[in-house]
Each structure stands twice: as C-alpha cells, then as structure tokens.
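Right, one structure below, let's go through it.
The values are calculated or read from the model by the stated rules, or taken from the named source; none is laboratory data. None of these values were measured; they are calculated from a predicted model. Neighbour counts run over all protein chains shown; Cβ positions are idealised from the backbone, glycine included. Protein only, heavy atoms only, side chains kept; ligands, DNA and RNA dropped before computing areas. Shrake-Rupley method; radii C 1.70, N 1.55, O 1.52, S 1.80 Å.
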Amino acid sequence: MVGQGYLCNQFEERSRDGSHRPPKEYSDCGRRLGLNRTMGAGQRRLFGFTAILLSVVLPRAGRLLAAQSQALPDLQPQAEQLFAQANQSRVEQGAGPLKWDAGLAAAALAHCRRMAAEGEIAHRYGGEADLADRAGQAGAHFSLIEENIALGSYAEQIHAGWMHSPGHRANLLNPNVDHVGIAVVRANGVYYAVADYARAVAVLSPSQVESTVAGLIRPSGVAIRNDPMLARQACALDHGVPRAASGPQPSFVMRWQSPDLSRLPGDLVNKLASGDYRQASVGSCPAQSVEGNFTVYRVAVLLYSAGGTWPKPYY
C-alpha cells in the first residue's frame, strides 16, 4: 500500500532600513489535506521537485486544542538536521554559513505549534503578531527577516522542497542573512517546520553607539568632544540643533538612522575630508518612525569649525 506524500511550503520576507518596504509572500502550498488513498508506487512531481513516495498515508487534518499544541515537543534533531542541510547548501552555493539564534528559534517554535493547532499552514493567523513582531518579542534583533514554513509527510523532504522552490531557495541562500532559528513539531500525522532567517544587528546602548561612530570619525583627524549632550538633543529633533549655552557653536549637523554602524554616510565622510572641521560631537537617541521590531539606530553628528557658527541642518 502506498499513500500520498505531501509537502506544503510558504515563505515571507520583510526588511527594514529606515524606509518602509511591504512584505513579500509566496505560497506553493497544496490544499488537499486529509486525502487518504492508495496509489501505485513510483515518482511524481510535487511543487517543483521530484519526490519518491513511500508508504505514507496522511490522516485527516484537524485542529488541536491550544493547550495540546503548546505541549508539542520541539523536535531538535530534525531542526538541527535542517540547520546543517541549510549551511551545507549555502556553502555549496558560495553563501556564508548561518549562525543559530535562540530568539529566532523561540519565535519559530511558537509559530510552528500554532500551525499544528490550525492544521493548515500560514505565516500569520488571526490574533497573532506578524513575523517581525513575533521575532522581536522573542528577543531577536535584526534589520531583515525572512521565513520559510512547510508541512511534510517526511521531515527529510522539507529541505529538498525548500531548495527546489525558487522563493524558499532564495530565502535559504540569501547572502544578506546571517542567523537562523528553526523549529519542527509533529502533529496530525505530519511534520510542521518553521525557519526564520535574519540579518542580525548587534544590541548596543546609546553610549556604545556613540563610541562606535566616534571610532569611525577619528581616522579623519577630527577630534571627538567629550560631552555628547548637545548632539543627543539634536538627535531627538527633526531639524535644527539646540544652541550651546557657552563655547563654540557647531557649524554642521547631520542625522541619520540605520541598522548598520560599520560605515558613515557618504556626505558626512566628505565633510570630514574637507579639512573645514576640527571637532565633532556624537549623540544617539531612539530611532523614529520604525515599524515593527526592527533594530535601527539613530545618530546625530555635530561638526565644529575653527570659528564655530550657527549650524546648517543636514539630513
């Protein structure tokens, strides 16, 4: 007796770099849950890849009680297998290996159990937070996040299904992600899997942000002022800068926000290279207008010329 093997995949991608980009979502999910019939042995093409179907009979899909789904064990060996397979495929394709992220894994497990409770898979159910919020609430910090989900008769076929589906493959091999959390549970006679991929962002305090940016400025020969208070106040404003009570006034101010503190904005680099400025002050403050739980840093840099004049706003 040979029954029907089943694989259902969906993926989603969201990113945040200070501007809004709508999420991408794709599904190549079959909708015939609960099918139970005999069929001849052989091969058939399922959702873009060839699967060998062996002795699988899917039970009727049904909902689990919420308490039941929360008690479903996290199948760590299967999750670790998907993790290893993903990194093997990334290395073969020239992408860097992923690191495991406990926050992403916790978010993946919570959603995996919800999928098992619902029966059919989806990226979001009624009353559930979206992908970015789920991951952020679980403790992950990121600037880009993607998700692959699947339902399969065999745990072993999930990676193959993702690799043979263009959207899932793009998420899994995306060179712009560097961390992942994966969860697998078994319910209704099938395996449910969630893989949350992200580009991780370091968790920095305001003073650490300021120190990082100051370190990028120093090679220009511009000295860093000790007191960041005026720059912090400027950071919180949309335009302009508070006037110093005494001493020199800044002659240039630039604000920006980004998850990436590895380099300075090009216009600021040009200002520093001009030779017109002798000192700089760096201030950090909470990012503005960021939707979801994306980690973004907001920074203001004040530049002081030899004379010190009223600042020119720059964004």
List, please: which pairs have Cβ atoms under 7 Å, are six or more places apart or on different chains, and start with a residue in region 77-103 that is touching a residue at least 24 places away in the same chain (Cβ under 8 Å) and end with one that is assigned to a strand (DSSP E or B) and open to solvent by 60 Å² or more (accessible area, probe 1.4 Å)? 83/100
Please enumerate the residues belonging to region 86-127 that are in a loop (DSSP other than H, G, I, E, B), modelled with pLDDT under 95 and of a type in the set (D, E, K, R). 120, 124
Inspect region 238-251 for any residue being within 30 Å of residue 129 (Cβ to Cβ), under 33 Å from the mean Cα position of the chain (by Cα) and open to solvent by 20 Å² or more (accessible area, probe 1.4 Å) and give the result as yes or no. yes
For region 105-116, which residues satisfy the criterion of being open to solvent by less than 10 Å² (accessible area, probe 1.4 Å) and touching a helix residue (DSSP H, G or I) at 6+ places or on another chain (Cβ under 6 Å)? 107, 116
Which residue pairs have Cβ atoms closer than 8 Å, lie 6 or more positions apart in sequence or on different chains, and pair a first residue in region 117-133 that is under 25 Å from residue 143 (Cβ atoms) and of a type outside the set (A, V, I, L, M, F, W, C) with a second residue that is modelled with pLDDT under 90 and surrounded by 20 or more Cβ atoms within 10 Å (Cβ to Cβ)? 123/10; 123/12; 130/14; 133/293
Output the residues belonging to region 160-179 that are open to solvent by less than 10 Å² (accessible area, probe 1.4 Å) and not in a helix (DSSP H, G or I). 165, 177
Tally the residues that are of a type in the set (Phe, Trp, Tyr) and either open to solvent by 30 Å² or more (accessible area, probe 1.4 Å) or within 18 Å of residue 193 (Cβ to Cβ) (or both), restricting the search to region 123-159. 2
Looking only at region 252-283, filter to residues that are without any contact (Cβ under 8 Å) to a residue 60 or more places away in the chain and of a type in the set (Gly, Ala, Ser); which one of those is surrounded by the most Cβ atoms within 10 Å (Cβ to Cβ)? 281
Out of region 85-100, which residues are surrounded by 12 or more Cβ atoms within 10 Å (Cβ to Cβ) and over 19 Å from residue 200 (Cβ atoms)? 85, 88, 89, 93
In region 154-189, which residues are at pLDDT 90 or above, touching a Gly at 6+ places or on another chain (Cβ under 8 Å) and either among the hydrophobic types (A, V, I, L, M, F, W, C) or over 18 Å from residue 94 (Cα atoms) (or both)? 158, 161, 165, 181
Checked 202, 306 against criteria (small (Gly, Ala, Ser), open to solvent by 60 Å² or more (accessible area, probe 1.4 Å) and under 30 Å from residue 79 (Cβ atoms)); the one match is 202
When you go through (1) over 23 Å from residue 269 (Cβ atoms); (2) surrounded by 14 or more Cβ atoms within 10 Å (Cβ to Cβ) one by one for residue 227, which number turns out not to apply? (2)
